[in-house]
1. How many residues does the range 46-60 contain that are buried (at least 18 other Cβ atoms within 10 Å of the Cβ) and over 24 Å from the mean Cα position of the chain (by Cα)?
2. Would you check which residues across the range 242-256 are surrounded by 18 or more Cβ atoms within 10 Å (Cβ to Cβ) and either in contact (Cβ under 8 Å) with a residue 60 or more places away in the chain or in a strand (DSSP E or B) (or both) and list them?
3. Restricting the range 152-193 to residues that are in a helix (DSSP H, G or I), touching a residue at least 60 places away in the same chain (Cβ under 8 Å) and among the hydrophobic types (A, V, I, L, M, F, W, C), which is farthest from MET99 (Cα to Cα)?
4. Only one of (1) in a strand (DSSP E or B); (2) farther than 30 Å from GLY359 by Cβ; (3) of a type in the set (Val, Ile, Thr) fails for THR286. Which number is that?
5. Looking at the range 322-334, can you tell me whether even one residue there is assigned by TED's automatic domain parsing to the domain that holds PHE233, of a type in the set (Val, Ile, Thr) and over 22 Å from LEU57 (Cβ atoms)?
Amino acid sequence: MKSLLQSLPIKGRTLALLSVLVPLIVVFVYVGLRSGPLAPVTVTVASVQSKSLEPSLFGIGTVQARFRHAIGPTYAGRLETITVDVGDSVKAGQLLGEMDAIDLDDRLAAQDAAIARASASLAETQARLEFAQTQAKRYEDLFAARSTSQEVLATKQQELRLTQAVLDIATRELARVTAERAGLQAQRDNLKLTAPIDGLVVKRDVEPGTTVVAGQTVIEIMDPDSLWINTRFDQINATGLTQGQPAEIVLRSRRGQPLEGIVTRVEPLADAVTEEMLAKVSFTQTPQQLPPIGELAEVTIKLSGQPQTIAIPNAALRRNGSQPIVWKVVAGNLQSTPVTLGMSDLDGNVQVLDGLAEGDEIVVYSDAELKADSPIRVVADIAGAQQ
C-alpha cells in the first residue's frame, strides 16, 4: 500500500486522503450536533390552560385504636388463671383472669369469725344494758317511795353507765373488724381481672403460673368502634385540612376496596423532622372484619373544589434554589420564569397564581438539564424520539 501511494502523484494522494477524512469529519460533526455538547435538548411542551382543580390530599397512616385498656394486678403475685385469649370478644365486667389469693381466703375466714365474736359480744352487752336500765328505773321508783337508800340507787346508775360504755366499745369493735373484713375483701376482689368495657382482646402477655408485679400488663383490650388511621400528610400540600372532611381509606390488605372515613382530629403538633402534619381519620362505619392494629393504609381527602384557574403539570416545575420556576418557550428560545404556586390535585396538576398567562408554551419534560442558551428540539414524546 505504501509503495502504491508513493507511486501515485501528489494530487492523487491528496484526493485519496480527503476521501477518507471528509466522511470522518461529516460523521463527527453529525454526532456532535446530534448527541454531543452542541446537540439540541429534546423537550416536550404544553400550552398553559385554565381548568378547575379538585385538590386532594394523599397520606399514609397506620391503623390504631383510640381506646386501649391495659389490664393487670395492683399487687405483685402469681397469675393463677386466664379465661380469654387474643381475638376473643368480651363484655364489660366479664372475668378475664385471677391472681393467686395465697392466704387471703383464710384471712377472710378469720375476719368472719372475729365479726361473729364481736356481734355476739355486742348482743350480750345490749342485753346487759337493757337489764341495767330496768334495774336503774326500779331503784329510782324505790328511792322515790323511800324503800331504798341513795347509795344503792347511785350504785345501779353507775352500773348502767358502765354498761353503756361497754356497749359503745363493743359497737366500735364490731365496726373495726367489719372494716378490716371489707378491706380484705377489696384486696380479694382486686385479684380478679375484669373487662372495663365491651371490647376485643388484642394482647395476652402473661401465662398462668407467672409471677407479675403491680401494674404489669397481663391482657390488653381495645374498643373496636374506636379504630382510626394515624395519618401523615406533607405540610406543603396540607393547606385546607380540617376536622370533619370526608376521606377515602384503602387498607394495605384490601386493595381495591375503599372504605369511607372522616377526619376526626387534626393534631396541633406537627412532625418537625419529617415536615409532616398528623391527622386522625376514623372509619364512618367500623369494618365487619377488623383490620389488625398497625396495618398500613392509604388515605385520600378531597378538599373543596377550586374555580377555573391557570394550572400546569407539576412535571414542568423546576427549582432555582427555593424559588419554583418553569421554562417558557418564546420564539423557539428558553426563558426562565419564576411562578407562584397554589393548590394541587392528585392528577399531577398544580395551580399557578402568578408568572404565567393562558396560552404560554412551557417545557414539560426534557432529556437533559436546561439552560437559558440551550438549543431545543420539540417532540411529541421523548421516549419515542430517543428510539
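The values are calculated or read from the model by the stated rules, or taken from the named source; none is laboratory data. This one's a predicted model, so the numbers in the text were calculated from it and none came from an experiment. Here the Cβ positions follow ideal geometry from the backbone for every residue, glycine too, while neighbour counts run over all protein chains shown.
1. Final tally of qualifying residues: 3.
2. Taking the range 242-256 and keeping what is surrounded by 18 or more Cβ atoms within 10 Å (Cβ to Cβ), we get 245, 247, 249, 251.
Passing the criteria: ALA247, ILE249, LEU251.
3. VAL177
4. (1)
5. no
Each row is one residue, and each column tells you yes or no for (1) at pLDDT 85 or above; (2) over 34 Å from the mean Cα position of the chain (by Cα); (3) of a type in the set (A, V, I, L, M, F, W, C); (4) in the same structural domain as VAL45 (by TED's automatic domain parsing).
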| residue | (1), (2), (3), (4) |
| --- | --- |
| ASN320 | no, yes, no, yes |
| THR337 | yes, yes, no, yes |
| LEU341 | yes, no, yes, yes |
| ASP345 | no, no, no, yes |
| LEU370 | no, yes, yes, yes |
